[in-house]
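Comments concern the structure below.
The values are calculated or read from the model by the stated rules, or taken from the named source; none is laboratory data. In this text the structure is predicted, and so the values were computed from the model without any measurement. Using ideal geometry, Cβ is built from the backbone for each residue, glycine included, and neighbour counts are taken over all protein chains shown. Surface areas here come from the heavy atoms of the whole protein model, side chains and all, with no ligands, DNA or RNA. Shrake-Rupley method; radii C 1.70, N 1.55, O 1.52, S 1.80 Å.
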Amino acid sequence: MRIVFIGSGNLATHLSLALKAVGEDIVQVFSRTEEHAKELAEKLSCNYTTNIDEIDGNADIYIFSVKDDAINEIAASVCKNASNAVFIHTAGSVPMDVFKGYAQHYGVLYPMQTFSKARHVDFRPIPCFIESSDNKTLDLIRQLAESISDEVVMADSEKRRKLHLAAVLACNLTNHCYRLAERVLQEEQIDFRLYLPLIDETAKKVSEMSPRDAQTGPMIRYDVNVMNRQIGLLPDERTRQIYRLMAESIHEDSCQ
């Protein structure tokens, strides 16, 4: 199938390369940033444009992988030039109906993973959550998803909103805690890599038990003396507030 990618960021890069690897024909990349559009197009050996009016109107599928609030704006322009195509977005928190009124055949393919351009990711184990406007479109999106992933799951827009929220908590907030730890270590010129075995073991444990059962440390014991000493070592009030709120949440969850 002929596919146009709307977007050239982290997810667009990995998804387009995964689809190309299984034989899909990526014909064009659109991005408002020429450097990014050109970079991805070179990897895909396809054309690119930064002009929305120059998007190829003869593709079978248009995959939107842009900022959430840009989908509606861009869809209005793209859909009118390719009315018989299928339009797919990849966002976790955007309803499928963002295409309603603009297109007849549309849906969602949401890969739940964190992506960075510089880091290779194997798509096969990544859960892909799909939804569509009609059964024929669903079959097409399912076929597309199953060509790159072993874990394809139906999820409507409301479920996907919760999935995305949980992903933010499990990934983005957790990663920010790594960053807070890194800042503390930098003050003492301690290499953050020394903490990778601890991080790896924490992640491995939740593949064998629930996060609630895996929790350890002074917060679950509510060891006030230890916690107060640690709060005193933190460099700013915002980080101290995060520590206190997390301590209360962990302790309260352990008591339920």
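The table for this structure:
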item	result
Sole exception among (1) part of a strand (DSSP E or B); (2) under 30 Å from LEU165 (Cβ atoms); (3) open to solvent by 10 Å² or more (accessible area, probe 1.4 Å) for PHE87, by number	(3)
Helices (runs of 4 or more DSSP H) lying entirely in segment 146-256 (those with 2 or more residues that are acidic (Asp, Glu))	174-187, 196-205, 237-255
Qualifying positions in segment 4-41 - assigned to a strand (DSSP E or B), of a type in the set (Val, Ile, Thr) and in contact (Cβ under 8 Å) with a residue 40 or more places away in the chain	VAL4, ILE6
Verdict on MET209 being over 30 Å from ASP25 (Cβ atoms), surrounded by fewer than 15 Cβ atoms within 10 Å (Cβ to Cβ) and within 26 Å of the chain's Cα centre (by Cα)	yes
Residues (surrounded by 17 or more Cβ atoms within 10 Å (Cβ to Cβ), part of a helix (DSSP H, G or I), out of contact with any Cys (no Cβ under 9 Å at 6 or more places or on another chain) and without any contact (Cβ under 8 Å) to a residue 40 or more places away in the chain) located in segment 91-141	VAL98
Considering residues of segment 142-158 that are closer than 14 Å to PRO95 by Cβ and in contact (Cβ under 8 Å) with a residue 24 or more places away in the chain only, the residue surrounded by the fewest Cβ atoms within 10 Å (Cβ to Cβ)	ASP156
Meets criteria (out of contact with any strand residue (DSSP E or B) (no Cβ under 8 Å at 6 or more places or on another chain), more than 30 Å from TYR195 (Cβ to Cβ) and open to solvent by 20 Å² or more (accessible area, probe 1.4 Å)) for ASN172	no
Residues of segment 25-57 classified as surrounded by 20 or more Cβ atoms within 10 Å (Cβ to Cβ) and closer than 19 Å to GLU146 by Cβ, total	1
Considering residues of segment 185-205 that are open to solvent by less than 100 Å² (accessible area, probe 1.4 Å) and among the aliphatic types (A, V, I, L, M) only, the residue nearest to ASN175 (Cα to Cα)	ILE199
Segment 212-225, residues that are among the aliphatic types (A, V, I, L, M) and either over 16 Å from CYS255 (Cβ atoms) or exposed (fewer than 15 other Cβ atoms within 10 Å of the Cβ) (or both)	ALA214, VAL224
